[in-house]
Amino acid sequence: MKKDSWLASPFMVWVLIFTVVPLGMVCWYAFTDASGAFTFENILKIGTYWDYLKDSLIMGAVATALCLLLGYPLAYIMSRASWGAQQTMMMLLMLPQWMNFLLRTYSWMTLLENNGLINNILGRIGLGPFHMINTKGAIILGMVYNFLPYMILPIYSVMEKIHDSLFEAARDLGANRFNTMRRVVFPLSLPGVITGITMVFVPSVSTFVISQMLGGGRNMLIGDVIERLFVGAAPNYNVGAALSLVLMVLILISMAVMKKFDDGEETGGLMM
Amino acid sequence: MSENIISLKNISVSFDDEVILDKLNLDIKDGAFVTLLGPSGCGKTTTLRIIGGFQEPDSGDVFFGSERINDLPAHKRKLNTVFQRYALFPHLNVYENVAFGMRVQKKSEAEIKAKVAEMLKLVSLDGFEKRRTSTLSGGQQQRVAIARALANDPRVLLLDEPLGALDLKLRKEMQVELKRIQSRLGITFIYVTHDQEEALSMSDTIVVMNHGVIQQIGSPTDIYNEPENGFVADFIGESNIVDGIMHADCDVEFCGTRFECVDTGFGKDEEVDVVVRPEDVIVVPKEESGLRGTVTSVTFKGVHYEMYVNVPGEEEEWIIQSTVAQEEGKEIGMTVIPENIHIMKKYTGDYASDIEFE
Ligand SMILES: Nc1ncnc2c1ncn2[C@@H]1O[C@H](COP(=O)(O)OP(=O)(O)O)[C@@H](O)[C@H]1O
Ligand SMILES: [Mg+2]
């Protein structure tokens, strides 16, 4: 075992260069002022940006919930389909992902615009026009559209491993569809749900592309604020780094809470 | 007189144009231990799944008592299954696995607790309540599966090769235990196996199947002593099966020798299969019998010696069992008393290939 540990060295170098060093730099900026002196000022400025942070967390949570609502049944259907159908569905799910993220999001702009495709079609049947672009709804739509596969895939991959015989065993013991879902499928899919939630929530909370393109700059998220602090007209690396750090800590906390929930379920079989 | 609890009437099933069960008829008496026995692929599991409600027959009727249950979904049938691979719920501990059926039925916590305790005691797993099923041995998982199925108070328990994955010693123990559980609870067991010894030692009734067709239904002694055809005879135990000619009632010729037998009702000079069990062959000095051969191998089997005898003109060697060993290479005579010569209508299939299917 020990003597093979050198195999991990490329990975260690990678981690050092692209994780440890940047993280160290973020921390350094976050706890220093323009002159390089140690300070808590930057962290304390979080109060100024509280509204953006709150908006980001709420919209990220809504988008995650919608992804779960849509993705869970889809993952279930996929996992129980014939092998061929599973492959086809997987293909359809991944196909849009091969298109550039910016392009995909950009195309939603043209769809949602006041005189865009959707309002055009609705207009023909005497509806609308609806104001859709540059709203919080549009941002959430963008998040759901872009991140839905990250919800479906982990759930699908755990569900697909649930053997048919467990469904038969549940039925054999008197469980109808609902009871089988509740007592077998759901608890067994929970690890996938936890992963899915994390994988959707994290990029949703920290996105800035989606909010810029579909929110029209009027619905800034914390990601936009951080971006501006780094590349905007009046850059401030120190506050930007501090905000990033706060966001990261919040995400870590939420992940830890989710993880706890997952572990609790696994050993607490008696609760179900 | 006990009633039939399960009846299958004219059940047929095909998968991809291949006939798996062909107009199967079967009545199972309430409280019996019935075994479906046959080589693998003969349709035993399919039969069990039809009774359990997991497989719809293409045609035919399934009765539970006098009620036709074709359209009754599996979860409403008053029977439970011990699955071939146990199918325990991996996210639940032993207690919750056994409690599963009762939770679904919203039984009270007190009732569940009492029943789980009773069931775990029945299968000798008391004290294992909190264990995760993945930490149990194969034999223990098997017991959990049995306890879980029995906790629902089924009138019929279906068991699909439940001991198949266990080692020989454990299998023997579990056979005794299953039999004990069955007689203690007094419910019907429908048991599937391809192991004839298991079937013989556990069952009240054995149903021998081949290619989706029932070959014989009877008690273990009937099946063993009076096999209805060569397939049953060969499958149920090692046998000598040779071509014979029925000259008249009770007068059969095989291996160039005429023997007295007890079978009647065949046509004059009808070609038949003759079955002789290895333990029924009596070794005599070669002058005393027309049936002669040379001993080619002798193996000590514990209680008896098993010997192969090359009979001139016969394709297959005879297999005989005796407590007295013969010398290899010695020429011996063999005889059989009339009661131990079993005459059967010619079986058109090929026993060897049917059985090697396993
Ligand atoms: N769902 C299915 N689809 C196609 N063929 C099947 C299916 N289930 C069983 N079979 C076939 O039916 C035959 C009988 O199977 P089975 O009842 O499982 O036999 P046994 O339990 O006696 O070994 C086998 O040849 C098997 O390949
Ligand atoms: Mg089988």
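The values are calculated or read from the model by the stated rules, or taken from the named source; none is laboratory data. It should be emphasised that the depicted structure is a prediction, and the values quoted were computed from it without experimental measurement. We place every Cβ from the backbone using ideal geometry, glycine too, and count neighbours over all the protein chains shown.
When you scan segment B:68-87, do you find a residue that is of a type in the set (D, E, K, R), within 15 Å of ligand 1 (Cβ to nearest atom) and assigned by TED's automatic domain parsing to the domain that holds B:Ala114, even just one?
Kept after step one, since they are of a type in the set (D, E, K, R), are these residues of segment B:68-87: B:68, B:71, B:76-78, B:85.
Then drop every residue that is not within 15 Å of ligand 1 (Cβ to nearest atom), which leaves B:85.
Still in the running and assigned by TED's automatic domain parsing to the domain that holds B:Ala114: B:85.
Yes: segment B:68-87 contains one or more residues that are of a type in the set (D, E, K, R), within 15 Å of ligand 1 (Cβ to nearest atom) and assigned by TED's automatic domain parsing to the domain that holds B:Ala114.
Please go through segment B:61-82 and give me each residue that is within 8 Å of chain A (Cβ to nearest Cβ) and either in a strand (DSSP E or B) or within 20 Å of B:Ile187 (Cβ to Cβ) (or both), ordered by number. Give the derivation first.
Let us first name the residues in segment B:61-82 that are within 8 Å of chain A (Cβ to nearest Cβ), namely B:73-76, B:80-81.
B:Ala74, B:His75, B:Lys76, B:Asn80, B:Thr81 - these are the residues of segment B:61-82 that are within 8 Å of chain A (Cβ to nearest Cβ) and either in a strand (DSSP E or B) or within 20 Å of B:Ile187 (Cβ to Cβ) (or both).
Take the residues in segment B:23-41 that are part of a strand (DSSP E or B) and within 12 Å of ligand 1 (Cβ to nearest atom); name whichever of them is nearest to B:Ser59 (Cα to Cα). Step by step, filter segment B:23-41, then rank; the result is B:Leu24. What do you reckon, is A:Ala169 more than 9 Å from chain B (Cβ to nearest Cβ) and either more than 21 Å from the chain's Cα centre (by Cα) or assigned to a helix (DSSP H, G or I) (or both)? The answer is no for A:Ala169.
Is segment A:28-47 home to any residue that is under 30 Å from A:Arg177 (Cβ atoms), hydrophobic (A, V, I, L, M, F, W, C) and part of a helix (DSSP H, G or I)? First the steps, then the outcome.
Of the residues in segment A:28-47, the ones under 30 Å from A:Arg177 (Cβ atoms) are none.
Scanning segment A:28-47 turns up no residue that is under 30 Å from A:Arg177 (Cβ atoms), hydrophobic (A, V, I, L, M, F, W, C) and part of a helix (DSSP H, G or I).
When restricted to residues that are in contact (Cβ under 8 Å) with a residue 60 or more places away in the chain and either β-branched (Val, Ile, Thr) or facing chain A (nearest Cβ under 7 Å) (or both), segment B:83-94 contains 2.
Selection of segment B:229-251 for residues being buried (at least 16 other Cβ atoms within 10 Å of the Cβ) and of a type in the set (A, V, I, L, M) yields B:Val232, B:Ala233, B:Ile236, B:Ile241, B:Val242, B:Ile245, B:Met246.
Considering only segment B:114-203, give the helices (runs of 4 or more DSSP H) lying wholly within it that have at least 1 residues that are within 14 Å of another protein chain (Cβ to nearest Cβ) and within 16 Å of ligand 1 (Cβ to nearest atom). Reasoning before the result, please.
Details: elements: B:138-150, B:168-185, B:196-202.
Qualifying helices (runs of 4 or more DSSP H): none found.
Within this structure, A:Phe230 passes the test of being out of contact with any Pro (no Cβ under 6 Å at 6 or more places or on another chain), free of Cβ contacts under 8 Å to residues at least 40 places away in the same chain and of a type outside the set (S, T, N, Q).
A quick yes/no check of all residues on (1) under 20 Å from B:Ala151 (Cα atoms); (2) out of contact with any Ser or Thr (no Cβ under 6 Å at 6 or more places or on another chain); (3) of a type in the set (Phe, Trp, Tyr); (4) within 11 Å of ligand 2 (Cβ to nearest atom):
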residue	(1), (2), (3), (4)
B:Leu26	no, yes, no, no
B:Val34	no, no, no, no
B:Cys42	no, yes, no, yes
B:Thr45	no, yes, no, yes
B:Ile51	yes, yes, no, no
B:Asp58	no, no, no, no
B:Glu67	no, yes, no, no
B:Leu79	yes, yes, no, no
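Of all the criteria given as (1) in contact with a Gly (Cβ under 7 Å, 6 or more places away or on another chain); (2) within 10 Å of chain A (Cβ to nearest Cβ); (3) away from ligand 2 (no atom under 16 Å from the Cβ); (4) not in a loop (DSSP other than H, G, I, E, B), the one not satisfied by B:Asn97 is (1).
So, A:Gly60, is that one surrounded by 12 or more Cβ atoms within 10 Å (Cβ to Cβ), of a type outside the set (D, E, K, R) and at pLDDT below 90 or not? No: the conditions fail for A:Gly60.
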